[in-house]
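Asks: Quick one: the structure is below, questions incoming.
The values are calculated or read from the model by the stated rules, or taken from the named source; none is laboratory data. Nothing here was measured: the structure is a model prediction, and the numbers come from that model. Positions of Cβ are generated from backbone atoms using ideal geometry, with glycine treated the same way; all protein chains shown enter the neighbour counts. Surface areas here come from the heavy atoms of the whole protein model, side chains and all, with no ligands, DNA or RNA. Shrake-Rupley method; radii C 1.70, N 1.55, O 1.52, S 1.80 Å.
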Amino acid sequence: EKRGAGHTATLLEDGRVLVTGDSDEALAELYDPSTGQWSSTGVMVKARNWASATLLEDGRVLVAGGLDATKAGVEELDTAEIYDPSTGEWSPTGSMEQKNSRHGAVLMEDGKVLVVGQVLTEIYDPSTDNWSSAGKPVRERSAGTTATVLKNGKILVTGGEFQRGGWTGVVSAPRRSTESYDPSTGIWTAVSSMNEPRVHHSAIQFQDGKVLVVASRELEMYNPTTDTWTSAGKMIQERDVMHTATLLGDGRVLVVGGKG
């Protein structure tokens, strides 16, 4: 399948990679690095792009929200589904409490998934197959945020953009604001803002707990202990949406692609 912006790629426990989205055929594929081969792996319940894909603790993958890939217009989805690598089958979950696309999603320490939407956030519980509200963040973020589980269990949410009036509204400049969510209390708290506004960026956590944010050319690092952001140098080439950033085994970060 041809796939462009808005698809997902998820590393499974067995080393294969699940690729979904940006295809009106609703077909999912697997890449096996041991053989270098691609194979189809069932038909999704709904063709979608700009969804989130999260690997669950039991090895299944939750694909949530996104845009309806079968329609020319923009239609956000409140549906979600799960892929089971052991059977190659897709099954629907309960619907989310709101429609979400280009949102952030992260697996928390308790095995639940936090989805950060434009106005509200919600949590998926794999043990009950249900969604529940996780409260309202300090700031509205329509797209392009990151969500990172810190060493203390809290969730760091950075950047994104604010869009007045929905998809037909006027997009403001990317946000500098940063906040954290405490799963133990359900409380959102504003923390120190980044030095630069960022959207569709990457966030990489190091072994020492610090978080590197990658976007444009300017890099910066967040220290949760001191709640401070500091400059982390400049990249050789400016990179924007659609880049990837990967923490390597030796502690370096590999940044690939994106728009200069």
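Asks: Express the accessible area of the chain per residue in Å², computed with a 1.4 Å probe while the remaining protein chains stay in the model. Before the final figure, lay out each step's value.
Replies: Values: 12490 Å² over 260 residues.
Normalised by residue count, the accessible surface of the chain is 48 Å².
Asks: Then there is this: Could you work out the local net charge near THR189, counting Lys and Arg as +1, Asp and Glu as -1, over the other residues with Cβ closer than 11 Å to its Cβ?
Replies: On the way: positive: LYS154; negative: GLU179, ASP182, ASP227.
Here the charged neighbours net out to -2.
Asks: With every protein chain in place, what's the accessible area of GLU29 (1.4 Å probe, Å², nearest 10)?
Replies: 30 Å²
Asks: So, with a 1.4 angstrom probe, what is the percent of accessible area on the stretch 1-148 that is carbon and sulfur?
Replies: On the way: 3000 of 6570 Å².
The nonpolar share, carbon plus sulfur, comes to 46 percent.
Asks: Would you mind checking LYS151/LYS210; LYS210/LYS234; LYS112/LYS154; LYS71/LYS99; LYS99/LYS210; LYS112/LYS136 for any pair whose Cα atoms are more than 20 angstrom apart?
Replies: Details: LYS151/LYS210 9 Å; LYS210/LYS234 18 Å; LYS112/LYS154 13 Å; LYS71/LYS99 16 Å; LYS99/LYS210 32 Å; LYS112/LYS136 18 Å.
Beyond 20 Å: LYS99/LYS210.
Asks: Between LEU27 and SER132, how high is the FRET efficiency from 1/(1 + (r/R0)^6) when r is the Cβ-Cβ distance and R₀ = 35 Å? Nearest 0.05. Intermediate values should be presented prior to the final figure.
Replies: Details: r = 31 Å, r/R0 = 0.89.
With R0 = 35 Å, the Cβ-Cβ based efficiency is 0.65.
Asks: Rounded to the nearest 20 debye, what is the charge dipole size of the stretch 1-104 about its Cα centre when +1 sits on each Lys and Arg Cβ and -1 on each Asp and Glu Cβ?
Replies: Numbers: 9 positive and 18 negative charges, 64 e Å.
The calculated dipole for the stretch 1-104 is roughly 300 debye.
Asks: I would also like to ask the following. Can you classify the chain as rounded, prolate or oblate using the Cα gyration tensor, where a ≥ b ≥ c are the square roots of its eigenvalues, rounded means a/c under 1.5, and otherwise it's prolate if a/b beats b/c and oblate if not?
Replies: Working: a/c = 1.40, a/b = 1.27, b/c = 1.10.
Rounded is the answer for the chain, as its axis ratio a/c remains below 1.5.
Asks: Stretched out fully, how many nm does the piece from LYS151 to ALA232 gain, at 0.36 nm a residue minus the Cα gap? Write down the numbers at each step before the final one.
Replies: Details: separation 81, 0.36 × 81 = 29.16 nm, distance 2.04 nm.
Here the segment from LYS151 to ALA232 would lengthen by 27.1 nm.
Asks: While we're looking at this one, here's another question. In whole Å, how far is the Cα centre of the stretch 190-217 from that of the stretch 83-107?
Replies: For the stretch 190-217 versus the stretch 83-107, the Cα centre distance is 26 Å.
Asks: TRP38: accessible area at probe 1.4 Å, nearest 10 Å²?
Replies: 140 Å²
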